[in-house]
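A short worksheet on the structure shown next.
The values are calculated or read from the model by the stated rules, or taken from the named source; none is laboratory data. Please read all numbers here as calculations on a predicted model, not as lab measurements. Ligands, DNA and RNA are stripped out before the accessible areas are found, and what is left, the full protein with its side chains, is counted by its heavy atoms. Shrake-Rupley method; radii C 1.70, N 1.55, O 1.52, S 1.80 Å.
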Amino acid sequence: MDKMAMSRKGIRLLLAGLLVMVAGYVLMMGGFSPDPNVFNYAMFDARRLVAAPLVILAGIVIVVLAIMGRFDGGKEEK
């Protein structure tokens, strides 16, 4: 039980990727209107349509690299 499936660096990278994804979802928030009968163009802002999805995709790439990457420092088991 002394070997884990992921190293400490992989777990840190996984948590960093999750934080980047949460930041992307926070960027996507907003654009609501207090009056439902009034259309608000703020929901079509470039931050919500371009930046937030790119940040979320970057977080997904980081998480995939953290899961699939090999961070053992070049050591091979004999």
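For the chain, the carbon plus sulfur part of the accessible surface works out to 68%, probe radius 1.4 Å.
Taking K3, K9 and ordering them by how much accessible surface each has at a 1.4 Å probe, largest first, produces K3, K9.
Between helix 52-68 and the chain there is an angle of about 10 degrees, using the helix long axis and the longest principal axis of the Cα atoms. When the chain is treated as a Gaussian network with alpha carbon springs shorter than 10 Å, the biggest mean-square fluctuation among A42, A51, A16 belongs to A42. Rounded to the nearest 10 degrees, the inclination of helix 8-28 to the longest alpha-carbon principal axis of the chain is 10 degrees.
Distances longer than 17 Å among the Cα atoms of the chain: what percent of all pairs is that? Roughly 59 percent, rounded to a whole number.
Per residue, the accessible area of the chain comes to 84 Å² when a 1.4 Å probe rolls over the protein heavy atoms.
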